Amino acid sequence: NAGVMQNPRHLVRRRGQEARLRCSPMKGHSHVYWYRQLPEEGLKFMVYLQKENIIDESGMPKERFSAEFPKEGPSILRIQQVVRGDSAAYFCASSQPDREYYEQYFGPGTRLTVT
Amino acid sequence: AQSVTQLGSHVSVSEGALVLLRCNYSSSVPPYLFWYVQYPNQGLQLLLKYTTGATLVKGINGFEAEFKKSETSFHLTKPSAHMSDAAEYFCAVTPTPGTGGFKTIFGAGTRLFVKA
């Protein structure tokens, strides 16, 4: 059973470009969470999605950031017009749609560098 | 609102010595509690969790943690450190079912160094 997959693992973007980060949850998992980790800091919750629904996006910056989890395909975190402050590691986690919802399995992360 | 405090951003121990990483939480209702480990350039791996039942929980790699409601703590311990334990450790809390919300809150992390 493959774990949570994220790609790309490393992404370099110039200021003003768009960044697209992909996350494929574990088989059977329909809950996806995105977190951002700045250097020397813990993970900060960004958004919680279920298939075709955003459940909680209280951690998402109001502008330039969006997330989706379509019926088919991976979850996408999209950052438009990136700035240097967006440089961070972005982690995706998934969980099952039942009483074990709180047990999250993490992907290896995407390290975004904005030059 | 829930919060997590990890005391000590860096902890250094000798190989074979006791490991103690501290975690305190703030929550109006006792949450579910977790410890994760992160090795360099990797994602987080679950070490152990407390949801209900026995307050002393055992995890992988010889780690264990005890939930103390009166102290709002969930400290992580290991009797004898190994070089391979050197990593970053994160304490996290999640609201219990029915209390509202699904957001997991992470502490800032504690980097464990193990000296030979």
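Overview of values
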| read-out | value |
| --- | --- |
| Any hit, segment A:76-84, residues being touching a helix residue (DSSP H, G or I) at 6+ places or on another chain (Cβ under 8 Å), β-branched (V, I, T) and either within 14 Å of chain B (Cβ to nearest Cβ) or assigned to a strand (DSSP E or B) (or both) | yes |
| Candidate set: segment A:85-115, residues that are at pLDDT below 95, in a strand (DSSP E or B) and among the hydroxyl-bearing types (S, T, Y); chosen: the one nearest to B:Y39 (Cα to Cα) | A:Y105 |
| Residue list for segment B:53-91, restricted to those being away from chain A (no Cβ under 11 Å) and among the hydroxyl-bearing types (S, T, Y) | B:T55, B:S70, B:T72, B:S73, B:T77, B:S80, B:S84 |
| Given (1) part of a strand (DSSP E or B); (2) more than 11 Å from the chain's Cα centre (by Cα), index of the condition B:A65 fails | (2) |
| Residue check for A:P70: more than 11 Å from chain B (Cβ to nearest Cβ) and either part of a strand (DSSP E or B) or more than 16 Å from the chain's Cα centre (by Cα) (or both) | no |
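Residue by residue, here is whether (1) under 20 Å from B:F113 (Cα atoms); (2) exposed (fewer than 15 other Cβ atoms within 10 Å of the Cβ); (3) modelled with pLDDT of 90 or more holds:
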{"residue": "B:Q2", "(1), (2), (3)": "no, no, no"}
{"residue": "B:L18", "(1), (2), (3)": "yes, yes, yes"}
{"residue": "B:N24", "(1), (2), (3)": "no, no, yes"}
{"residue": "B:Y36", "(1), (2), (3)": "yes, no, yes"}
{"residue": "B:N41", "(1), (2), (3)": "yes, yes, no"}
{"residue": "B:H82", "(1), (2), (3)": "yes, yes, yes"}
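The values are calculated or read from the model by the stated rules, or taken from the named source; none is laboratory data. None of these values were measured; they are calculated from a predicted model. As a convention, Cβ positions derive from the backbone with ideal geometry for all residues, glycine included, and neighbour counts pool all protein chains shown.
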